[in-house]
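Encoded as structure tokens, the structure appears first; notes follow it.
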Amino acid sequence: GIHKETMKGIASGVCGGHRFGQSIVLSGGYENDVDDGCTFEYTGEGGNDFLGSKLQTGDQRLKGGNLALANCKMHAVPVRVVRRLKSNELRYDGLYKVVAYAEELVDSSNPQGSKVFKFSMERIAGQPALSEERSVGFVGRAQKSRHHGPDDTALVPRHASAEDREYAAWKSEHQRQLLRQAKRAGVKHERIGDKEYRKLYTEQRAGGGS
């Protein structure tokens with residue numbers, strides 16, 4: 001089939017000693033995911049009580065499917081994308097590349113809250129045109145919140161800007177560097193909130209650093 005996993009949204013396999021993402025399914029499992037067709041944000045796996053409260057009850061880890069997608073970014077390996085439609089049918093929508101990924105708080109106002117991995121995906125050019133129908137869960141709930149305010153007035157659609165993509169790529173690389181440094185030093189990696197990352201990124205850009 002087009003997606004070998006029955007419960008997980010990320011299907012992966014091992015090649016050359018590394019685990020890579022083979023396919024992902026968009027089904028609206030996470031409320032804050034954004035699907036604009038040729039680009040979308042995808043939340044990784046783990047820590048969500050899908051069969052119960054539907055809430056994020058723990059941190060996601062960079063392992064399993066999350067590590068597989070991170071490896072796709074590092075080694076420029078494309079991923080098949082499948083969307084689950086309102087009819088519950090699965091539709092293959094082509095190959096996408098992982099543009100960037102980062103660890104983020106589910107609720108930015110709660111520094112002690114759960115953390116998830118967000119993957120920025122972009123459709124590879126030169127493929128057949130994409131259907132307008134989006135995944136179940138994104139249509140209505142996500143598009144309503146992105147395009148309309150509480151009084152139904154139109155808002156600007158949420159598209160990732162070039163600067164946002166640059167920041168996400170910088171952040172993921174910076175996190176990997178910190179993890180490597182902590183591992184070499186034999187100490188626990190201290191997590192940094194997104195607000196601190198943004199401040200550091202702005203300071204480094206102003207100073208001409210990377």
Inset, instruction - For VAL187 and GLU173, compute 0.36 nm times the residue count separating them, minus their Cα-Cα distance, and round to one decimal in nm. - result: 3.1 nm
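Among 123-131, 11-19, 57-65, 91-99, what's the highest-first ranking by average C-beta atoms within 10 angstrom per residue? Intermediate values should be presented prior to the final figure.
Details: 123-131: 10.3, 11-19: 13.4, 57-65: 16.0, 91-99: 17.8.
Sorting 123-131, 11-19, 57-65, 91-99 by mean packing, highest first, produces 91-99, 57-65, 11-19, 123-131.
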Legend entry - Added length on full extension, which subtracts the Cα-Cα distance from 0.36 nm per residue, LEU95 to ALA206: 36.4 nm
Inset, instruction - Past 27 Å, Cα to Cα, is the threshold; run LYS4/LYS97; LYS118/LYS199; LYS86/LYS115 against it and keep the listed order. - result: LYS86/LYS115
Inset, instruction - Can you figure out the FRET efficiency of ASP107 with MET74, using R₀ = 35 Å and their beta-carbon distance, to the nearest 0.05? - result: 0.75
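Taken together, the values in this text are just the output of simple stated rules run on the coordinates, not laboratory data. All values reported here derive from a predicted model rather than from experimental measurement. Backbone-built Cβ (ideal geometry, glycine too); neighbour counts: all protein chains shown.
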